[in-house]
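Novice: Take a look at the following structure, please.
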Amino acid sequence: MQDATLCLPVVDGRVLLIRKKRGVGAGLYNGPGGKIEPGETPRECIHREVNEELRIGLSEVEKVGELDFVFGDDPFMFVHVYRASDISGEPEETDEADPKWFDTDDVPYDEMWPDDRHWVPKLLDGETFTGRFRFDDEGDDLLGWAMRTDVEF
Ligand SMILES: Nc1ncnc2c1[nH]c(=O)n2[C@H]1C[C@H](O)[C@@H](COP(=O)(O)OP(=O)(O)OP(=O)(O)O)O1
């Protein structure tokens, strides 16, 4: 099982997403984030990934979720999810990511991973959650999911 992180900065009624340019989910909108490196904590990872992908800093960062993704019968990714209430710097396009702000009532779910429409609204509403999402063998179709809310981290 690979551990990874995601962060959605939500500032002044808008959420910052990236159009991923490579790797898992390339072409889709997602929160910035990525795989945790050996010896790194999840929090260290999310600050590093956001800086690498967008050249910004995060502040007022809270952990709000944990997501477990399964492809077929195989564990695929365990993701620590963060929400940031502020950023420092101006998001820049890099070779990994193209940033874009969206109004929180206009999130482009049709261009995101199919699980996102189940948990992103909870993050935007200030809820905490865990979720388990089971995809087909290729990771294309979402076959089933289960979520809990009001979780303490
Ligand atoms: N199903 C789903 N929904 C939402 N977000 C994700 C998924 N599956 C995922 O893998 N993710 C997220 C979790 C991570 O933030 C990224 C995947 O990390 P990746 O881009 O492969 O990691 P990096 O470390 O940045 O990659 P490289 O440096 O190896 O290119 O997607």
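The values are calculated or read from the model by the stated rules, or taken from the named source; none is laboratory data. Here the structure is a predicted model, which is why all the values come from computation and not from measurement. Neighbour counts are summed over all protein chains in view; Cβ atoms, including those assigned to glycine, are modelled from backbone coordinates with ideal geometry.
Novice: What strands (runs of 3 or more DSSP E), lying completely within region 50-153, carry at least 2 residues that are among the hydroxyl-bearing types (Ser, Thr, Tyr) and surrounded by fewer than 18 Cβ atoms within 10 Å (Cβ to Cβ)? Steps first, please.
Specialist: Values: elements: 57-71, 74-88, 97-103, 129-135, 142-149.
The qualifying strands (runs of 3 or more DSSP E) are 74-88.
Novice: May I ask you to list the residues in region 10-39 that are assigned to a loop (DSSP other than H, G, I, E, B), crowded, with 16+ Cβ neighbours inside 10 Å and at pLDDT 95 or above? It would help to see each step written out before you state the result.
Specialist: Taking region 10-39 first, the residues assigned to a loop (DSSP other than H, G, I, E, B) are 12-13, 21-28, 31-32, 36-39.
Within this subset, residues satisfying the condition of being crowded, with 16+ Cβ neighbours inside 10 Å are 24, 28, 31-32, 36.
Passing the criteria: LEU28, GLY31, PRO32, ILE36.
Novice: Modelled with pLDDT of 95 or more, in contact with a helix residue (DSSP H, G or I) (Cβ under 8 Å, 6 or more places away or on another chain) and of a type in the set (A, V, I, L, M, F, W, C): is that true of VAL151 in this structure?
Specialist: Details: modelled with pLDDT of 95 or more: yes; in contact with a helix residue (DSSP H, G or I) (Cβ under 8 Å, 6 or more places away or on another chain): no; of a type in the set (A, V, I, L, M, F, W, C): yes.
It is false that VAL151 is modelled with pLDDT of 95 or more, in contact with a helix residue (DSSP H, G or I) (Cβ under 8 Å, 6 or more places away or on another chain) and of a type in the set (A, V, I, L, M, F, W, C).
Novice: Right, another one. I'm checking my understanding of the structure. Among residues of region 1-17 that are closer than 21 Å to GLU66 by Cβ and of a type in the set (Val, Ile, Thr), which one is nearest to the chain's Cα centre (by Cα)?
Specialist: THR5
Novice: Which condition breaks for THR5 when tested against (1) surrounded by 20 or more Cβ atoms within 10 Å (Cβ to Cβ); (2) modelled with pLDDT under 95?
Specialist: All conditions are met except number (2).
Novice: Which of the residues that make up region 9-28 are near the ligand (Cβ under 10 Å from one of its atoms) and of a type outside the set (A, V, I, L, M, F, W, C)?
Specialist: Initially, region 9-28 is screened for residues near the ligand (Cβ under 10 Å from one of its atoms), giving 18, 20-26, 28.
The answer is LYS20, LYS21, ARG22, GLY23, GLY25.
Novice: Six or more apart or on different chains, Cβ atoms under 6 Å: show the pairs whose first residue is in region 131-145 and without any contact (Cβ under 8 Å) to a residue 12 or more places away in the chain and whose second is in a strand (DSSP E or B) and not polar (S, T, N, Q).
Specialist: LEU143/ARG134; GLY144/ARG134
Novice: Is it the case, given these coordinates, that ASP116 is more than 10 Å from the ligand (Cβ to nearest atom) and either more than 13 Å from the chain's Cα centre (by Cα) or closer than 15 Å to LEU17 by Cβ (or both)?
Specialist: Details: more than 10 Å from the ligand (Cβ to nearest atom): no; either more than 13 Å from the chain's Cα centre (by Cα) or closer than 15 Å to LEU17 by Cβ (or both): yes.
So ASP116 does not fit the description; no.
Novice: Oh, and also: I'd like to know if region 72-79 contains one or more residues that are in contact (Cβ under 8 Å) with a residue 24 or more places away in the chain and either among the hydroxyl-bearing types (Ser, Thr, Tyr) or closer than 16 Å to PRO32 by Cβ (or both).
Specialist: yes
Novice: The conditions are (1) within 12 Å of the ligand (Cβ to nearest atom); (2) over 11 Å from the mean Cα position of the chain (by Cα); (3) under 23 Å from THR149 (Cβ atoms), and GLY65 fails exactly one of them. Which is it?
Specialist: GLY65 satisfies every listed condition except (2).
Novice: Within the set of pairs 6 or more residues apart or between chains, which connect a residue that is hydroxyl-bearing (Ser, Thr, Tyr) inside region 15-33 to a residue that is more than 6 Å from the ligand (Cβ to nearest atom) and in a loop (DSSP other than H, G, I, E, B) with Cβ atoms less than 9 Å apart?
Specialist: Short answer, once both residue conditions are applied: TYR29/VAL107; TYR29/PRO108.
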